[in-house]
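Working notes for the structure below.
The values are calculated or read from the model by the stated rules, or taken from the named source; none is laboratory data. Quick caveat: nothing in here was measured; it's all calculated off a predicted structure. Every residue, glycine as well, gets a Cβ built from its backbone with ideal geometry; the counts of neighbours run over all protein chains shown. All accessible areas refer to the heavy atoms of the entire protein, side chains included, with ligands and DNA or RNA removed. Shrake-Rupley method; radii C 1.70, N 1.55, O 1.52, S 1.80 Å.
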Amino acid sequence: IEPSGDTSDMQTRRDLLKYQIWRVKLCGIFSEQGMPTRVFTNIWGGYRNEVERLQRIIEESQGARKTNYEDKKAELENAELKLDELRVRVTIGEIYESDLLIRTPSIRADVESLRREVSRLEEQLREEENIHSDGSPREMFEHEQSAKAFIAKIDGFMAEGKFSRKFGIRLGTELEEVRAYFSSKVGDQGEQGLRNELDTLEVRYKVGER
């Protein structure tokens, strides 16, 4: 059973993915089917606000986890330092070997407990960096390409008067962030695999294989 915090974080990431997909779909509809510019800008603005809100939640959660990890890591370092200090004090003659034998077990227990906790938190942070939410790498790649294609059309929409220059520039910047978001979900290996697959299909098409 996932801890409630982990479940909440995952749902937030799913919601973020949902809004990013909707942003790409909105652009596709505008490009292919058309809609009043004001409708597009109003919906886009609402999606932008939701994306920014969800990103803040995720960043705050990650910040809290990283702080907890750093605190536990510092505790572990201090406990290990305390053990080393005791050994040196025995060597100096400040304390007796018997004192070391009495005090060491509890400190070692703390060290082992903290090592397990630090390792768990470290793994948790690593997993967070690799979370891909829902959706296959292929879907993420397709969304990335859709965002990229619309970015290439923005200058044309500005020239046609559908977008003001100010809005068009801002939209391009925001869509580049959307593209980068989906690119991060694909990952380098996933993207390379998909590109290889597309290249293979293109070669088969050229040689007449169906």
Practice prompt. Taking a cut-off of 17 Å between Cα atoms, list the lysines near residue 82, but don't count ones fewer than 8 places away on the same chain.
Written response: 72, 73
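Can you list the chymotrypsin sites (Phe, Trp or Tyr not before Pro) in segment 62-155 that are in a DSSP coil and have 15 or fewer other beta carbons within 10 angstrom? Mind dumping the intermediate values first?
Numbers: sites: 69, 96, 141, 150; in loops: 96.
Here the sparse-neighbourhood loop sites are 96.
Taking K and R as +1 and D and E as -1, what net charge do the other residues with C-beta under 11 Å from the C-beta of residue 48 add up to?
Surrounding charge for residue 48 is -1.
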Item to complete: Can you spot the lysines whose alpha carbon is less than 29 Å from residue 18's alpha carbon? Ignore those fewer than 8 places along the same chain.
Response: 66, 148, 153, 162, 166, 185
Practice prompt. May I ask you to rank 71, 155, 99 by accessible area, largest first, using a 1.4 Å probe over the protein chains only?
Written response: 155, 71, 99
Fill in: Zero-based 10 Å bins, Cα pair distances in segment 1-130, whole percents
11, 25, 19, 16, 12, 8, 6, 3, 1
